[in-house]
Amino acid sequence: MIIRVKPSVVKGSIVAPASKSSMQRACAAALVRKGESVISNPGISNDDKAALGIIKNLGAKWEMKDGQLIVKSEGVKPVANEVNCGESGLSIRMFSPIVALSEKPVTINGSGSLATRPMDFFDEVLPQVGVEIKSKNGKLPLEVKGPLQPATIHIDGSLSSQFLTGLLMAYAASNSGGKSIVVNNLKSKPYIDLTLKVMSDFDLNVPVNHNYESFEFLPAVNQQLSAVNYTVEGDWSGAAFLLVAGAIASPQGIVVKGLDINSTQADKKILEALRDCGCILSIREAEIEIAYPSLGIKAFHFNATDCPDLFPPLVALAAYCEGKTSIEGVSRLAHKESNRGLTLQQEFEKMGIKIDLQDDLMIVHGGGGVKGAVTHSHHDHRIAMACAVAGLKAEGDTIIEEAEAINKSYPNFYEHIISLGAIVTEQEATSMDKEYR
């Protein structure tokens, strides 16, 4: 799919999409928790669909009814020899230890960039808890055979917190009383807060968090089998692009609804950047209003080490900020859907924005004028959305190739910005544009 974004003024209100971080964790919790779980506001992204396919292959039964997801589970009892995580990094890292709860051999696979991401963490850790594992030199596919036997182990938390999320879920579903997971150099701590909150909401055995350095499991009480009701949060990761759109292309302002100001999601930190750049920002309990100020916006400093998914919307924002914006945490970008540090540098250079990469620091030279250009998503959903948002106020049209990459996390992103007034067309191979509106 090729998308054309014309310079536009956005206004109005929009409801944030469902959080795939919340949705996928809810699917995992509903699987390992025995009984019925009713999940409201379920997500529709490709990553969410992958999680639903995984829990089905691991024995859970689910149906959509009146806009709710109803999951019935008796625990991890695989009904297939393989699970496929699509392109979801969270799913592959979270579900691998959960798959290992079963003594049945199961192959874990994925597609796209997931096939090249390092998985040797499991080669090192899972044998410590009695799990047999084979990988392709630390890459997919993984062949896993349990059952996982909880033990006090030490793990490296510097690559991704998602590995720890999976272990926490698996330990909660097994006899882990008296055992601890000791973590060195944990990154993305807010995502572990989200994991622990979801575990609590699903009545799982939640460990004692000792300052993110160790997680101690106490003996579990008997689990009640009454139904759990859970509502998937609005997605701060996807909403960050909507908020940035308002900050750069809406003199009248837009309102984004459906976000929990008290959420544990790491990407809620986007509010700090929006405040620091000087946009017009009003934060209320049920909605956020944001607008571009008449005097423009200014460069800012931001530490994205614990929220690396914010780099793409931050770069789109910084492109319009007068001065040099510095963003810390570049080392967290190498193993995403693309190498995002280099990808952002490459695509925004096409749009006239210089980006320097200095060790763990990204410096965006903004305020000099963003030019429309032919860009490429690199099959990365957040790169596609960043280019689209940046194109809203560019000089000339912005073309995004492989624009369907958004389906991974936010399949109705283009429709949402169109509803706010953005002029977006789909360009056919014949170069004829199909108007969305």
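The values are calculated or read from the model by the stated rules, or taken from the named source; none is laboratory data. Model, not experiment: these values are computed from the prediction. Cβ placement follows ideal geometry from the backbone for every residue including glycine, while neighbour counts extend to all protein chains displayed. Note: accessible area is taken over every heavy atom of the protein model, side chains too, but ligands, DNA and RNA are not part of it. Shrake-Rupley method; radii C 1.70, N 1.55, O 1.52, S 1.80 Å.
Could you tally up the Lys pairs in segment 1-56 with alpha carbons closer than 24 Å? Skip any pair fewer than 8 positions apart unless they're on separate chains.
On the way: Lys20/Lys34; Lys20/Lys49; Lys20/Lys56; Lys34/Lys49; Lys34/Lys56.
Count of close lysine pairs: 5.
Carbon and sulfur: what percent of segment 1-105's accessible surface (1.4 Å probe)?
Ligands and nucleic acids excluded, carbon and sulfur give 49 percent.
Let me check the size of segment 61-132 from its C-alpha atoms; what are the radius of gyration and Dmax in Å?
14.1, 44
For segment 202-300, with the dipole built from +1 on Lys and Arg beta-carbon atoms and -1 on Asp and Glu ones, taken about the Cα centre, which of Ala273, Ile261, Ala220 lies farthest toward the positive end?
Checked the options; the winner is Ala273.
Please state the equivalent ellipsoid semi-axes for segment 300-416: what are the square roots of 5 times the Cα gyration tensor eigenvalues, largest first, in whole Å?
Whole-Å semi-axes of the equivalent ellipsoid: 20, 18, 12.
What shape does segment 1-72 have by the C-alpha gyration tensor, where a ≥ b ≥ c are the square roots of the eigenvalues, rounded means a/c under 1.5, and otherwise prolate means a/b greater than b/c and oblate the rest?
Prolate shape, in that a/c is at least 1.5 and a/b is the bigger ratio.
To one decimal place, what orientation-averaged projected area in nm² is obtained for the convex hull of the Cα set of segment 101-175?
4.8
Give me, ordered by chain and number, the residues 5 or more places off Gly138 or on other chains with an amide H under 5 Å from its own placed amide H.
Correct list: empty.
On a full-extension model of 0.36 nm per residue, what is the gain between Glu143 and Glu428, subtracting their alpha-carbon distance, rounded to one decimal in nm? Intermediate values should be presented prior to the final figure.
On the way: separation 285, 0.36 × 285 = 102.60 nm, distance 4.15 nm.
Length difference between fully extended and current span is 98.4 nm.
Mind running the shape call on segment 160-238? Use the C-alpha gyration tensor, a ≥ b ≥ c as the square roots of the eigenvalues: rounded below 1.5 for a/c, prolate if a/b tops b/c, oblate otherwise.
It is oblate, given that a/c is not under 1.5 and a/b is not larger than b/c.
In whole angstrom, note down how far apart the Cα centers of segment 156-187 and segment 39-99 are.
20
Eigenvalues of the Cα gyration tensor times 5, then square-rooted: what semi-axes does that give for segment 120-219, in whole angstrom, largest first?
21, 16, 12
Got a sec? Charge dipole of segment 297-437, +1 on Cβ for Lys and Arg, -1 for Asp and Glu; which of Gly372, Gly396, Ile355 is way out at the positive end?
Ile355
Measure nothing but the geometry: give the 0 to 90° angle between the long axis through the Cα atoms of 20-32 and the longest principal axis through the Cα atoms of the chain, rounded to 10°.
10
Before anything else, pin down the relative contact order of segment 287-437: Cα pairs under 8 Å, at least 6 apart, normalised by residue count, whole percent. Provide the component values of the computation, followed by the final result.
Working: 266 pairs, mean separation 27.4, N = 151.
Worked out over segment 287-437, it gives 18 percent.
Note the count of lysine pairs whose C-alpha atoms are less than 25 angstrom apart in segment 90-225, limited to pairs 8 or more residues apart or on different chains.
Lysine pair count for segment 90-225: 14.
At q = 0.14, 0.15, 0.19, 0.21 Å⁻¹, what is the log10 ratio I(q)/I(0) for segment 245-379, with the Debye formula run over Cα points and no solvent?
-0.64, -0.73, -1.15, -1.32
When the chain is fully extended, how far beyond the present Cα-Cα distance does Lys324 get from Asn109, taking 0.36 nm per residue of separation?
Here the segment from Lys324 to Asn109 would lengthen by 73.2 nm.
Label Asp359 and Glu395 with points 7 Å out from Cα along Cα→Cβ: what is the distance between them in nm?
In this crude label model, Asp359 to Glu395 measures out at 3.6 nm.
Could you state the accessible area per residue of segment 198-242 in Å², with a 1.4 Å probe and every protein chain left in place?
On the way: 2110 Å² over 45 residues.
Computed with neighbouring chains in place, this is 47 Å² per residue.
For segment 132-154 and segment 329-407, compute the distance between their C-alpha centroids and round to whole Å.
Computed from Cα coordinates, the inter-centre distance equals 36 Å.
How large is ³J(HN,Hα), in whole Hz, for each residue of segment 66-72 in order, when computed from phi with the Karplus curve 6.51 cos²θ - 1.76 cosθ + 1.60 and θ = phi - 60°, using x for Gly and Pro?
6, x, 10, 9, 10, 10, 10
Could you look at segment 291-437 and say what percent of its accessible area is carbon and sulfur, using a 1.4 Å probe and all protein chains?
Carbon with sulfur: 50 percent of the solvent-accessible area.
Let's test this: bin the Cα-Cα distances of segment 151-292 at 10 Å from zero up to the farthest pair and state each bin's percent.
Final binned percentages: 11, 33, 25, 20, 9, 1.
Using only the alpha carbons of the chain, what is the convex hull's orientation-averaged projected area in square nanometres?
Reported value for the Cα convex hull: 19.9 nm².
Averaging sequence separations of C-alpha pairs under 8 Å and six or more residues apart, then dividing by the length of segment 33-173, give the relative contact order as a whole percent. Walk me through the numbers on the way to the answer.
Working: 267 pairs, mean separation 29.6, N = 141.
21 percent.
Kindly express, to the nearest 10 degrees and within the range 0 to 90, the angle between helix 89-99's C-alpha long axis and the longest C-alpha principal axis of the chain.
That works out to roughly 10 degrees.
Please report the relative contact order for the chain, taking Cα pairs under 8 Å with a sequence separation of at least 6, and give it as a percent rounded to a whole number. Kindly include the intermediate steps, with their values, before the conclusion.
Details: 1073 pairs, mean separation 84.3, N = 437.
Value for the chain: 19 percent.
Report the charge-dipole magnitude of segment 295-366 in Debye, nearest 20, computed about the Cα centre from +1 at each Lys and Arg Cβ and -1 at each Asp and Glu Cβ.
180
Given q = 0.09, 0.15, 0.16 Å⁻¹, what are the Debye log10 I(q)/I(0) values for segment 50-205, with equal point scatterers placed on the Cα positions and solvent ignored?
-0.27, -0.78, -0.89
How large is log10 I(q)/I(0) at q = 0.15, 0.16, 0.20, 0.31 Å⁻¹ when the Debye formula is applied to the Cα atoms of segment 149-205, each weighted equally and without solvent?
Rounded to two decimals, the profile gives -0.41, -0.47, -0.73, -1.31.
Report the net charge of residues surrounding Gly366, where surrounding means a beta-carbon distance below 11 angstrom and charges are Lys +1, Arg +1, Asp -1, Glu -1.
Around Gly366, the charge tally is +2.
What dipole magnitude, in Debye to the nearest 20, does the chain give about its Cα centre under +1 on Lys/Arg Cβ and -1 on Asp/Glu Cβ? Numbers along the way, then the final one.
Values: 42 positive and 50 negative charges, 71 e Å.
Around 340 debye, computed over the chain.
Label segment 260-301 by shape, choosing from rounded, prolate and oblate, from the square roots a ≥ b ≥ c of the eigenvalues of the Cα gyration tensor; if a/c is under 1.5 it is rounded, and otherwise prolate applies when a/b is larger than b/c, oblate when it is not.
Oblate is the answer for segment 260-301, as a/c is 1.5 or above yet b/c matches or exceeds a/b.
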